[in-house]
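A short write-up of the structure that comes next.
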Amino acid sequence: MCIRDSPWILKEVGTTYKVFERNPYYPVVDSAGNQLPYIDKIVATIIDPEVYQLKITSGEADVACVHTSLENYPLYKENEEKGGYRVVPIPGIIGSELSLGINLNHPDSVRRKINEDIRFRKALSLAINREEINETCYFGLAFPRQATVLPDTSYYKEEWGKAYAQYDPDEAKRLLDEAGLTKRDKDGFRLRPDGKTLLLLVEYCPETHPMATSILELVKEYWNAVGIKTEIKPEERSFYETRSAAGECDVVVWHTDRMTEGTNYSMGGSWFNPGWTGFNHTEWTRWFNTDGKEGEEPPEDVKELYKWCRDWVVATSKEEYIQLAQKIFDWHAKNVWMIGTVGMPAMPIVVKNNLRNVSKEAYFGAGVEFWLPSQPAQWFFKK
């Protein structure tokens, strides 16, 4: 970004803070001719997540949004008056707050064959009670849905958000039986074809997903209930990402963000492009990214999906753009590569009472470059 385009310029960096000062060359003025931004200096404090919540509720932050969560919404509201701030819930733009990817390139050949069976993935998705997750973890302020793009994209199909997202544990059990997972161990959990108990270890990083533990505890209950023994394991971020990138996880977990039309397109489909994410198919990703020199050659339909993603970002007409996008997301809805939970939850922003011009309706998140739609250059402190 050109220095002229930035309302503030980074001036100082410490181990626990960053200081930004107003850019005297920022070429934007308000309707009265006053140069923006109104605020001269921003100090961003880098602190432990738990201390962060304490500082918010004690009123020490002028504005807070990153790593605020609906889980703490009652706590924020309870301390509003004492902390001298207001809580502003703004529209959410995350396609799925927590998405689960079953490892399709699992190093265990028996597990891989199970994971490749679409009936297994459909069953896991149908076993999840998304309505309960929404009410329990999000106070009803999210939307039960599959991991996919937002409804306001120009090519959206309603069935994508609903694909295998209804709660139907009986159908989940039927599909698991149909997939051959009928035998049980002494505790009632399903056995693999080699006689071992089928265990799904769900690894995740709480640092990047404040609500992950609450959601995954419920997912564990749902999958246990249909006979799939499930355990969850929180891990430090770098360790988790190393294991995930190496394809060593049974189930990988992340949020499906950047699902707005512009950012999803600019990133080439991101989560939905088998040559990009490696979300649950690390060896295929390596094959695509090394022109077949490394990794493992994927099936023909995955190769076709990769071609659609590449063609999509260079489409020369609106018709071609929409047609390719719908092929990509039709494919994903059908094949359940990622299992979504709930999406588009309201995002609580905590704002000091004397900080004004902070929009109640502007989106916030990676899909819109975070604060950009809120136009922070127009914020000001009321004296």
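The values are calculated or read from the model by the stated rules, or taken from the named source; none is laboratory data. The structure presented is a predicted model; accordingly, all values stated were derived computationally and were not measured. Cβ sites come from the backbone with ideal geometry, for glycine too, and all protein chains shown count toward neighbours. Just the protein is used for accessible areas: all its heavy atoms, side chains included, with ligands, DNA and RNA removed. Shrake-Rupley method; radii C 1.70, N 1.55, O 1.52, S 1.80 Å.
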Looking only at the range 94-115, and only at residues there that are within 30 Å of A346 (Cβ to Cβ) and of a type in the set (S, T, N, Q), the one that is surrounded by the most Cβ atoms within 10 Å (Cβ to Cβ): S96
Within the range 153-170, residues being closer than 17 Å to I128 by Cβ, hydroxyl-bearing (S, T, Y) and in contact with a Phe, Trp or Tyr (Cβ under 9 Å, 6 or more places away or on another chain) number 1
For the range 8-45, what are the residues that are more than 24 Å from N354 (Cβ to Cβ) and touching a residue at least 24 places away in the same chain (Cβ under 8 Å)? T15, T16
Mind checking which residues of the range 120-169 are over 28 Å from T182 (Cα atoms) and among the small types (G, A, S)? G140, A142, A147, S154, G161
Could you tell me which residue of the range 213-256 is most open to solvent (accessible area, probe 1.4 Å), considering only residues that are among the hydroxyl-bearing types (S, T, Y) and in a helix (DSSP H, G or I)? T242
Please give the number of the condition T242 fails out of (1) over 26 Å from S214 (Cα atoms); (2) without any contact (Cβ under 8 Å) to a residue 60 or more places away in the chain; (3) among the β-branched types (V, I, T). (1)
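Among the listed residues N34, N103, N23, identify the single one that is touching a helix residue (DSSP H, G or I) at 6+ places or on another chain (Cβ under 8 Å) and over 30 Å from G247 (Cβ atoms).
Going through N34, N103, N23 in turn, the sole match is N23.
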Failed criterion for Y155 (all others in (1) open to solvent by 70 Å² or more (accessible area, probe 1.4 Å); (2) farther than 22 Å from A225 by Cβ hold): (1)
What residue, of T153, T213, is modelled with pLDDT under 95 and under 18 Å from I339 (Cβ atoms)? T213
Kindly indicate whether any position in the range 184-199 is in a strand (DSSP E or B), of a type in the set (A, V, I, L, M) and surrounded by fewer than 22 Cβ atoms within 10 Å (Cβ to Cβ). yes
Among the candidates V251, V219, single out the residue that is touching a Gly at 6+ places or on another chain (Cβ under 8 Å) and within 26 Å of L70 (Cα to Cα). V251
Taking the condition of being assigned to a loop (DSSP other than H, G, I, E, B) and farther than 26 Å from A325 by Cα, how many residues in the range 110-162 meet it? 6
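Every residue, every condition in (1) farther than 20 Å from V253 by Cα; (2) not in a helix (DSSP H, G or I), yes or no:
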{"site": "T277", "(1), (2)": "no, yes"}
{"site": "D291", "(1), (2)": "yes, yes"}
{"site": "D301", "(1), (2)": "yes, no"}
{"site": "K307", "(1), (2)": "yes, no"}
{"site": "R310", "(1), (2)": "yes, no"}
{"site": "E320", "(1), (2)": "yes, no"}
{"site": "P348", "(1), (2)": "yes, yes"}
Q326 vs (1) of a type outside the set (D, E, K, R); (2) more than 17 Å from G101 (Cβ to Cβ); (3) open to solvent by less than 40 Å² (accessible area, probe 1.4 Å); (4) not in a loop (DSSP other than H, G, I, E, B): all pass except (3)
